[in-house]
Each structure stands twice: as structure tokens, then as C-alpha cells.
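**Q** One structure follows; several queries about it will come next.
Every read-out reported here was derived from the displayed coordinates using simple, explicitly stated rules and does not represent laboratory data. Since the structure is predicted, the reported quantities are computational estimates derived from the model, not experimental observations. Every residue, glycine among them, receives a Cβ derived from its backbone with ideal geometry; neighbour counts consider all protein chains shown.
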Amino acid sequence: MTPPPTTPTSIDASPSPTFDQSRWFTQEVYAHDSQLKSYLRGSFPSVSDVEDIAQESYRRIWKVSATETIRSAKGILFHIARRVATDLLRREKAAPFRSVADATRLAVFDGKPDAAEVACTREELTVLADAIDALPARCREVFILRKIKRVPQKEIARLLGISEQTVQVLVLRGMKRCEKYLLRRGL
């Protein structure tokens, strides 16, 4: 026996599952778009792109709806969005890198001094050492103890058997002489 011929009236006119899922998504999920974005902005102010989180949340709920029946679309949507935002913040905290359009425009800071700076610093230290060497013996001794070795003024006075005021005067005198010495050498 041959099957009966099909006629246009025998075609199933019910909507396809894809159409039903699209209508469900529009009415039950996307209807909460403005509330979702407002919630994300309020709950996760450090998130830079709320739109991306919303889109990822929509993708995930769509995927779940293809295999399971969802009773509370709004509740699931907000739960998914909260997890997506939390995961994003966790990743940014672990690796806080930002994309850069043009890497050649980045300012790179190297904390180490270059060769010229090192040479200048060495030269300046040599001149400073010469300035200290040029001080009178007692002045040099007090100056080195106080300014280089950081010995307290009271301790210097006790060690050398001089008054604290004499220590102050000798340190000040040493400072002024070193300053003049450095100025004469262009530093």
C-alpha cells in the first residue's frame, strides 16, 4: 500500500521548538535586561563592561534552557550573572592585565640607573669623599660619626669627651665646608 499523498492542509502548523525557545527567551529572560544591568552596576561597580557580563549570562541561560526546563528565568539569570561577574573579578585580581591597542606607546620604567647615571653618582661620591677628607681632623671625625655612621649626638660627645653643642657646631661647620667644596667643583 502506498501512503496517502500529502496536501498543504496536512502540514503541521504548530510552531517549531526554536520559535518557542526564542519567544520564551524574549518574554522571560530578555525582559529583565535593564534590571539585570542595573543590578550588575550596583553590585559590581569595579566591573568595566556590564554589557559583556549580561551577554555571557544570556548565552549560558540559553544553553541551559536547551536541555532543562527553567521555572524561574529571572532567578536563574541573576544567579548566572552574579557568578560570571564574580569569576571575572577573580581573574582580574589574579592577573590584572589590561589590553593595549598600541604597545609602542607604553611608557616603560626601568628602576635601574643607566650607565651615565652610575658614572655621575660615582664621580659625585668621589668628590664628596674628597670634601670630607679636606675637613680638619676633629671636624672630619665628628662629621663621619654623625652623618655617615649615624651615631647619636649624645654618644659622640661622650666618646670624644666634648659637649653636645661642640658636636653640633662641628657637624654644621663640616656641612658648610663640604657644600662649598662641592659648589667649587660644579656640584
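**Q** Using a Cα-Cα cut-off of under 18 Å, which lysines could be cross-linked to residue 74, ignoring same-chain neighbours fewer than 8 residues away?
**A** Partners found: 37, 63.
**Q** Sort segment 132-184 into rounded, prolate or oblate with this rule: let a ≥ b ≥ c be the square roots of the eigenvalues of the Cα gyration tensor; rounded if a/c is under 1.5, and if a/c is not under 1.5, prolate when a/b is larger than b/c, oblate otherwise.
**A** Prolate, because a/c is 1.5 or more and a/b exceeds b/c.
**Q** Could you work out the relative contact order of segment 132-184? I mean the mean sequence separation of Cα pairs under 8 Å and 6+ apart, divided by the number of residues, in percent.
**A** Values: 38 pairs, mean separation 21.8, N = 53.
Once divided by the residue count of segment 132-184, the mean separation gives 41 percent.
**Q** Moving to a separate point now. Where does each of 62-74, 24-36 land if you order them by average Cβ count within 10 Å, highest first? The partial results should precede the final answer.
**A** Working: 62-74: 11.6, 24-36: 14.5.
Going by the mean number of other Cβ atoms within 10 Å, highest first, we get 24-36, 62-74.
**Q** Hey, with R₀ at 30 Å, roughly what FRET efficiency would residue 120 and residue 141 work out to, going by the Cβ-Cβ distance, to 0.05?
**A** On the way: r = 29 Å, r/R0 = 0.96.
With R0 = 30 Å, the Cβ-Cβ based efficiency is 0.55.
**Q** Could you list, in their original order, any pairs among 147/176; 147/180; 149/176; 112/180 whose Cα atoms are separated by more than 24 Å? Numbers along the way, then the final one.
**A** Numbers: 147/176 13 Å; 147/180 17 Å; 149/176 19 Å; 112/180 30 Å.
Exceeds cut-off: 112/180.
**Q** Could I ask something else about it? Grab the other residues whose beta carbon is less than 13 angstrom from that of residue 21, score K and R as +1, D and E as -1, and report the net. Could the numbers behind the result be given before it?
**A** Working: positive: 23, 63; negative: 20, 28, 68.
Here the count lands on -1.
**Q** Moving on. So what's the net charge close to residue 85: Lys and Arg +1, Asp and Glu -1, counting the other residues with Cβ under 13 Å from its Cβ? Write down the numbers at each step before the final one.
**A** Details: positive: 37, 41, 60, 82, 83, 90, 91, 93; negative: 49, 51, 52, 56, 87, 92.
Its environment carries a net charge of +2.
**Q** Local charge sum around residue 185 (other residues, Cβ-Cβ under 12 Å, Lys/Arg +1, Asp/Glu -1)?
**A** Values: positive: 180, 184; negative: 123, 124, 130, 179.
Surrounding charge for residue 185 is -2.
**Q** Could you list 148, 132 in order of exposure, starting from the residue whose Cβ has the fewest other Cβ atoms within 10 Å? Show your work: numbers first, answer last.
**A** Working: 148 9, 132 18.
Arranged by neighbour count, lowest to highest, 148, 132 become 148, 132.
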